[in-house]
Every structure is written in structure tokens, then in C-alpha cells.
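In what follows, a structure is listed as C-alpha cells, so that the remarks can point back to it.
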Amino acid sequence: MFRLNHTHDVNALSWVDSAHQHAHFGLQNLPFASFRVPQTDEEFRVGVAIGDEILDLERLCRAKLVNARTQAILNCASGPQLNALMAMGADAWHLLRQDIFEGLHQQNREWRAWQTCLVPQASAEYQLPSHVGDYTDFYASIHHARRVGALFRPDNPLLPNYQWVPIGYHGRASSLQISEHPVFRPYGQLNSSPDSVPVFSPCQRLDYELELAMYVGSGNLQGYPVTIDDAEAHLFGLGLMNDWSARDIQAWEYQPLGPFLSKSFATSLSPWLVSMEALAPYRCALQRETDSPPSLPYLHSEENQQSGGIDIQLEVRLLTPMMREQQQAPHIIGRSNFAHSFWTAAQMLTHHTSNGCNLCPGDVFASGTMSGPEAGQEGCLLELTQGGKVPLILANGEQRTFLQDGDEIIMSAHCRRDGFADIGFGEVRGIVCPAAEYGR
Ligand code: MN
């Protein structure tokens with residue numbers, strides 16, 4: 001696990017003016033993305049956010065402004081996405097962070113040369129930060145599992161395996177998409193009762209899921225599980241994810257093998273990926289109810305117990321077409337925290353490899369809908385509207401049970417801790433488009 005160091009110093013300032021008091025991207029954050037300037041012949045490449053700017057790592061590599069060791073890392077890590085840097089391992093990530101921090105620090109005398117490597121975020125477009133070979137969706141909020149379980153099994157909401165096995169399913173990497181790409185309402189088989197005949201029609205119960213995406217850094221060889229003590233060293237960082245879900249398709253298809261087409265039509269990811277080292281100040285103890293059973297030994301360590309969690313405040317906002325037309329602000333419909341996770345990122349990674357399964361640089365794990373215990377901390381409409389029975393009333397009087405065409409979901413996240421800088425994850429956004437536009 002990364003230790004606190006001078007790159008977390010709340011008093012450190014950058015020569016980039018917009019980084020001062022920036023809501024997301026101060027000097028202590030330094031998240032990664034893959035970007036380019038559209039309508040040019042530029043290729044996508046890796047950049048680091050600082051204030052309203054992007055430090056272009058390809059230009060930095062060509063400018064030769066860093067020491068030989070870090071130059072070697074930049075030479076190898078250059079490319080359209082982060083996979084090569086991820087594969088280099090935690091020592092390389094740490095050295096690169098240190099040198100980028102020094103270069104952007106206000107005491108850097110060569111700041112004018114570094115300034116030539118900046119590109120304004122306002123002029124950039126993004127693709128996924130890594131090439132994602134495999135994507136796994138976990139189910140790590142016990143509060144989500146209980147509320148959803150209660151809708152389907154009022155007498156037995158939480159299945160007996162939940163507090164022993166980190167539950168997950170293998171998702172579809174090909175339909176992961178970057179923020180702001182449209183989300184087409186999927187067609188599928190719907191059947192409200194097992195005694196009737198299903199129909200094939202556009203989904204009527206379209207939902208979002210508030211999740212965090214964990215990016216695998218260095219992988220492991222097939223047949224060689226990662227231990228709980230080594231798991232953090234394999235994690236590169238975290239981003240935001242909206243796992244769009246078709247609840248009516250899901251209800252008809254999920255037995256006996258789990259989610260399939262109800263989940264694989266679109267999953268949106270934020271452009272910015274916050275490194276595990278940037279998250280070091282916001283680590284917290286694993287939060288569980290006192291009557292939870294202890295994890296099996298392969299999922300237990302003292303360090304994971306004391307600081308395996310991460311205090312990340314999450315927020316979901318909804319912008320309807322009417323609100324957009326009347327220029328109203330998006331309505332906050334859910335607030336939660338990654339600290340509510342029953343399983344830590346290290347436990348999910350350890351369990352995933354425990355059978356010998358190999359992970360690759362750039363693979364993504366999603367946390368599962370990250371709901372909290374209280375009302376207002378629901379991470380999806382299925383929970384918020386109790387399966388569509390209790391409509392959500394918005395500030396302008398509109399109602400929703402599930403998403404309508406034209407609705408936009410905006411998710412954001414922040415870390416705040418006394419004595420440290422506030423850092424943010426930016427946003428993941430997506431607008432629901434009618435199924436008919438999908439070329440049928
Ligand atoms: Mn999900």
C-alpha cells in the first residue's frame with residue numbers, strides 16, 4: 001500500500017494557476033486519461049490532469065525534461081492508452097508521480113519548458129484510459145444486496161454466501177464506453193409473469209448503477225494467485241462507472257446463470273483515472289456490522305482490516321429534458337460512499353485470482369452498485385423506487401420510476417479529509433437515446 005509522502009502535502013502549490021483550489025484536479029491528485037484534440041490528425045495519447053489543463057506525456061517525453069530514470073519510464077509508457085505504464089508496476093508509477101509533481105510544483109525553475117507540454121481540457125476529447133481486455137462486475141455493497149434481495153425474496157433478502165464470497169460475474173468489455181457517449185435504450189425479451197409469453201420490445205425499466213471502476217495495474221500469471229498482502233501492488237487506480245441496466249430484461253433472463261444482455265449494451269466510464277497513490281490520504285478501516293463473520297484467512301490481513309477501505313464520496317444527479325429546456329441544475333438523486341463496501345478492492349482482486357485466474361494490465365473490476373445504509377444513499381432507481389412502485393419526485397414536480405429518453409445521468413466523486421487537499425474524479429455522464437434511433 002502506498003505511504004503518505006510529500007506529493008500529498010496540502011500546502012504544495014503548482015505554477016498552473018487553475019490548479020489552485022481546483023474542485024477536482026489540484027497538484028495532489030494528478031489523475032490519468034487518454035486524450036486527443038478533435039478535428040486534428042492527432043493520435044490519442046496519455047495525459048495527466050492539472051487544474052483545467054492536461055500535461056501531455058508524449059510531449060513531455062519528447063521534451064526530455066525529467067531525469068534518466070523517469071525518461072526511461074516515459075519512453076516505455078508512451079502510447080495511446082495506459083496499459084504499458086500499468087504493466088511496469090508500482091515502483092515505476094511512484095517515480096513518475098514524483099517527477100510530474102516536481103515538474104508542476106511552483107518551485108520548478110524550468111516551468112516555462114513544462115508549460116509547452118500543456119493542452120487545455122476544454123479542447124480535448126477522451127477514450128477509455130486503458131484497453132480493457134476483461135471486465136468483472138462485483139456486488140460489494142451489502143446494503144444494495146439487501147434492498148434488491150428484499151424486492152425479490154422478502155423473507156430471505158441476503159443469500160447465505162454473501163458475507164463469505166465476493167460475488168461477481170464476468171461482464172462484457174466490448175461495450176464499455178467513455179463518458180458522454182449516448183446510451184441507446186436496448187431491445188430485449190420482457191416477461192412480467194413466468195406463466196405468459198415474452199415479448200421482444202424496447203426496455204421499459206432502464207436504470208443506472210452508481211459504481212467505482214478499479215483498474216488492474218500489473219497482472220499475474222495463470223495458476224499463480226495474488227495474496228491479500230500483495231493485492232494492493234497490483235491495483236493501478238480508480239475511476240467512476242455507470243453500469244446501465246435493463247431491469248425488465250434482467251428479471252426474465254437472470255436465472256439460472258446470472259445477468260447477460262440486461263447489462264452488456266452499455267457501461268460508461270469516466271475519462272480520469274485516480275491513482276492508488278493519490279488516494280493514500282483517504283484510506284479507512286473496513287466497515288462491517290459487528291455480527292458479520294470474519295473473512296476466511298486468504299481474504300484477511302491486518303492492513304486490509306485497518307486501511308483497506310477508501311473514503312470516496314459519491315453523487316448521482318439526473319437532468320431531464322424539461323430541466324435542460326428550462327436551464328435548471330441537475331437534481332441530486334443519490335449520495336453514497338465507497339467506504340460502505342463490504343469487500344475492499346484488495347479482497348476483490350485476491351478472490352478473483354484465488355483459483356489461479358490471470359489478470360492483465362488494464363482489466364477493470366466494478367464495485368457493484370455502491371449503496372449506503374441510509375435513505376438517500378441508494379445507488380440505482382430499482383432501490384430508490386422500490387422496484388418501480390414508489391415514484392421519485394423531482395424538485396420541478398416531475399416523476400420517475402425508471403429512466404426516460406433524453407434523461408442524463410451524471411456521477412461524480414470526491415475525497416475530503418482534514419489536513420489534506422480535496423481531490424475529485426471528474427464526472428461520468430450519459431444521455432438515454434430512444435431505441436428506434438438504433439438503426440432497426
Ligand atoms: Mn453493476
Find the Cα radius of gyration of region 256-335, compare it with 2.2 N^0.38 Å by division, and give the number to two decimals.
1.65
Where the centre of each part is set by its Cα atoms, how far does region 1-71 sit from region 371-440, in angstrom?
29
Where does the chain land at 222 nm, in deg cm²/dmol rounded to the nearest 500, when only DSSP H runs of n ≥ 4 count, each adding -39500 (n - 2.57), divided by all residues?
-5000 deg cm²/dmol
Computed accessible area, GLU209, all protein chains, 1.4 angstrom probe, square angstrom:
10
For PHE265, tell me the accessible area in Å² from a 1.4 Å probe, rounded to the nearest 10.
50
Computed over the chain, the relative contact order (Cα-Cα under 8 Å, seq sep at least six) in percent reads 21
Nearest-0.05 FRET efficiency for ALA150 and GLN222, computed from C-beta distance (R0 56 Å):
0.90
Protein-only accessible surface order, largest first, of ARG59, ARG97, ARG109, ARG416 at 1.4 Å:
ARG109, ARG416, ARG59, ARG97
Between GLN386 and ASP195, what is 0.36 nm times their sequence separation minus the Cα-Cα distance? Round to one decimal in nm.
66.4 nm
In a GNM of the chain with a 10 Å cut-off on Cα contacts, which of GLY51, GLY308, GLY388 has the highest mean-square fluctuation?
GLY388
Most mobile of ALA278, ALA233, ALA329 in a GNM of the chain (Cα contacts under 10 Å)
ALA329
How large is the Kirkwood hydrodynamic radius of region 335-440, counting all unique pairs of alpha carbons, in Å?
17.3
Square roots of five times the C-alpha gyration tensor eigenvalues of region 196-279, ordered largest first and given in whole Å, equal 34, 18, 9
Largest first and in whole Å, give the semi-axes of region 292-389's equivalent ellipsoid, each being the square root of 5 times a Cα gyration tensor eigenvalue.
34, 16, 13
What are the semi-axes of the equivalent ellipsoid of region 58-112, taken as the square roots of 5 times the eigenvalues of the Cα gyration tensor, listed largest first and rounded to whole Å?
20, 12, 9
Most to least accessible of THR227, THR350 (protein chains only, probe 1.4 Å)
THR227, THR350
Distances over 41 Å make up what percent of all Cα-Cα pairs in the chain?
15
Protein chains only, probe 1.4 Å: how do ASP99, ASP9, ASP17, ASP363 rank by accessible area, largest first?
ASP17, ASP9, ASP99, ASP363
With a 1.4 Å probe and all protein chains kept in place, how much accessible area does VAL390 have, in Å² rounded to the nearest 10?
70
Choice from ASP248, ASP291, ASP311 showing the highest fluctuation, given a GNM over the chain with Cα pairs closer than 10 Å:
ASP291
Kirkwood Rh, region 266-311, all Cα pairs: how many Å?
12.9
Percent antiparallel among DSSP beta bridges confined to the chain, nearest 5, equals 90
To the nearest µm²/s, what D does Stokes-Einstein give for region 53-152 at 20 °C and 1.002 mPa s, using the Kirkwood radius over alpha carbon pairs as Rh?
131
Dimensions of region 118-259 along principal axes (Cα, Å, largest first)?
58, 42, 28
By the Kirkwood definition, with r running over pairs of different Cα atoms, region 221-373 has a hydrodynamic radius in Å of 17.9
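The values are calculated or read from the model by the stated rules, or taken from the named source; none is laboratory data. Because the structure is a prediction, the values reported are computed rather than measured. So basically every Cβ, Gly included, is an ideal-geometry build from the backbone, and we count neighbours across all protein chains shown. Heads up: the accessible areas ignore ligands, DNA and RNA and are worked out on the full protein's heavy atoms, side chains in. Shrake-Rupley method; radii C 1.70, N 1.55, O 1.52, S 1.80 Å.
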